[in-house]
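The values are calculated or read from the model by the stated rules, or taken from the named source; none is laboratory data. The shown structure was predicted, so the numbers you read here are calculated from the model rather than taken from an experiment. Cβ placement follows ideal geometry from the backbone for every residue including glycine, while neighbour counts extend to all protein chains displayed.
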């Protein structure tokens with residue numbers, strides 16, 4: 001299963017992927033994050049993205065504690081948010 005490298009959403013269907021300017025599928029990011037070759041939230045910080053993920057999780061009935069843990073544990077390791085040259089530790 002693919003995961004969006006910006007928000008961590010599980011991508012289950014081709015229609016969940018983002019797109020390039022020519023309409024072809026971008027398999028790195030979901031359609032919420034990447035559309036027509038650009039991030040939909042171009043100037044967002046990782047802290048703001050974490051807050052958005054938590055807000056969405058709350059709407060889906062996930063507890064704040066669980067949503068925060070998932071966002072903080074997941075997002076910094078995704079390709080969009082990793083700092084060049086920084087090694088991840090487990």
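Just the residues that are exposed (fewer than 14 other Cβ atoms within 10 Å of the Cβ) and more than 23 Å from residue 23 (Cα to Cα), please, taken from the stretch 39-48.
Of the stretch 39-48, the ones exposed (fewer than 14 other Cβ atoms within 10 Å of the Cβ) are 42-43, 45, 47-48.
Those that are exposed (fewer than 14 other Cβ atoms within 10 Å of the Cβ) and more than 23 Å from residue 23 (Cα to Cα): 45, 47, 48.
Among the residues of the stretch 24-38, those identified as surrounded by fewer than 15 Cβ atoms within 10 Å (Cβ to Cβ) and either at pLDDT below 95 or within 20 Å of residue 82 (Cβ to Cβ) (or both) are 27, 38. I'd like to know if the stretch 49-59 contains one or more residues that are buried (at least 16 other Cβ atoms within 10 Å of the Cβ) and under 16 Å from residue 79 (Cα atoms). Yes, the stretch 49-59 has at least one match.
Going by the structure shown, is residue 13 over 11 Å from the mean Cα position of the chain (by Cα) and either exposed (fewer than 12 other Cβ atoms within 10 Å of the Cβ) or modelled with pLDDT under 95 (or both)? Please lay out each step first, then the result.
Numbers: over 11 Å from the mean Cα position of the chain (by Cα): yes; either exposed (fewer than 12 other Cβ atoms within 10 Å of the Cβ) or modelled with pLDDT under 95 (or both): yes.
Against the criterion (over 11 Å from the mean Cα position of the chain (by Cα) and either exposed (fewer than 12 other Cβ atoms within 10 Å of the Cβ) or modelled with pLDDT under 95 (or both)), residue 13 qualifies.
Only one of the numbered conditions (1) over 13 Å from residue 4 (Cβ atoms); (2) crowded, with 16+ Cβ neighbours inside 10 Å is violated by residue 78, and that is (1). The set of residues from the stretch 2-49 being in contact with a helix residue (DSSP H, G or I) (Cβ under 7 Å, 6 or more places away or on another chain), in a strand (DSSP E or B) and in contact (Cβ under 8 Å) with a residue 12 or more places away in the chain comprises just one member, 30.
Looking only at the stretch 50-59, decide whether some residue is over 16 Å from the mean Cα position of the chain (by Cα) and not in a loop (DSSP other than H, G, I, E, B). Write out each step before concluding.
Here is the first cut: in the stretch 50-59, the residues over 16 Å from the mean Cα position of the chain (by Cα) are 58-59.
With the extra rule that they be not in a loop (DSSP other than H, G, I, E, B), the set shrinks to 58-59.
Yes, the stretch 50-59 has at least one match.
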